[in-house]
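The values are calculated or read from the model by the stated rules, or taken from the named source; none is laboratory data. Quantities reported herein were computed from a predicted structural model and do not represent experimental measurements. All Cβ positions, even for glycine, are placed from backbone atoms using ideal geometry, and neighbour counts span all protein chains on display.
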Amino acid sequence: MTKQEKPLYTLIPLEDFKTVLGIDDREDKLARFCLVTASHTIEQYCKRRFLRKKHFEQIAFTGDLLLPLREYPVSKVQAVYVWGKGEILEPDFYQTIPDCGIELDIPFDISLSPALLRYRGLSAVKAVYWAGYPVGKVPADLASACLELASWNMNRYRGRRIGMTGNVRGSGRDGEHFEMSMPENVRSLLEPYRRKVI
């Protein structure tokens, strides 16, 4: 009996990546590493998670009936609890805006019923919800960014001199330096997906 392999955390399937780059099984380990690294780098750069996952989030309640959820797009809210008391809120007392299940890459809110303003001691709610893209349904430009970055990393790890330029500020000896950890074309693809922090 073989141990079941843990799913790879990547925005594009391993086999697709190997096919595009013409990689065989001898470079499987490096391909996996580059894909996972690229996916995590993209999430870090965009300041958000992209793959579908269950989230447990505590949201402070200050009297505003619109509570923003951190991750998106939301596909399902499983439960909303009154924090501290552990009481589950019935779906009649909240809704999501926009409605769950849409494919738009925009933030979501939980809209609470005005009846909750009469609830004594309500200081926070806990939301349990699914958000992110299912494997194989990642938007094309986001998947392209992952492919580009993973390919770029693959070439770097193979020892090719990528991104060498001359006569630039902060350059090393002989005016050469390695370019930053993400190519400009990847940054351009990711711009619509970055979390806007005010």
**Asked** Any residue at all in the stretch 141-149 that is at pLDDT below 95, under 19 Å from the mean Cα position of the chain (by Cα) and among the polar types (S, T, N, Q)?
**Response** no
**Request:** Evaluate the following for SER123: is it in contact with a helix residue (DSSP H, G or I) (Cβ under 6 Å, 6 or more places away or on another chain), among the hydroxyl-bearing types (Ser, Thr, Tyr) and more than 22 Å from ILE23 (Cα to Cα)?
**Result:** no
**Fill in**
Filtering the stretch 9-25 down to residues that are within 16 Å of ASN153 (Cα to Cα) and of a type in the set (Val, Ile, Thr) yields THR10, ILE12, VAL20, ILE23
**Request:** Sort out which residues of the stretch 1-28 are of a type in the set (Val, Ile, Thr) and either at pLDDT below 90 or surrounded by 15 or more Cβ atoms within 10 Å (Cβ to Cβ) (or both), and write them in order of number.
**Result:** THR2, THR10, ILE12, ILE23
**Message:** Looking only at the stretch 119-139, how many residues end up being among the basic types (Lys, Arg) and under 16 Å from LEU66 (Cα atoms)?
**Reply:** 1
**Filter pass, THR41 being polar (S, T, N, Q) and surrounded by 15 or more Cβ atoms within 10 Å (Cβ to Cβ)** = yes
**Asked** Which condition number does SER113 fail, the rest of (1) touching a strand residue (DSSP E or B) at 6+ places or on another chain (Cβ under 7 Å); (2) among the hydroxyl-bearing types (Ser, Thr, Tyr); (3) under 22 Å from LEU189 (Cα atoms) being met?
**Response** (3)
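Conditions (1) in the same structural domain as SER188 (by TED's automatic domain parsing); (2) β-branched (Val, Ile, Thr), marked per residue:
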| position | (1), (2) |
| --- | --- |
| ASP24 | yes, no |
| LYS29 | yes, no |
| CYS34 | yes, no |
| THR37 | yes, yes |
| GLN58 | no, no |
| PRO73 | no, no |
| VAL82 | no, yes |
**Prompt:** For the stretch 66-148, which fully contained strands (runs of 3 or more DSSP E) count at least 3 residues that are surrounded by 16 or more Cβ atoms within 10 Å (Cβ to Cβ) and in contact (Cβ under 8 Å) with a residue 60 or more places away in the chain?
**Reply:** 124-131
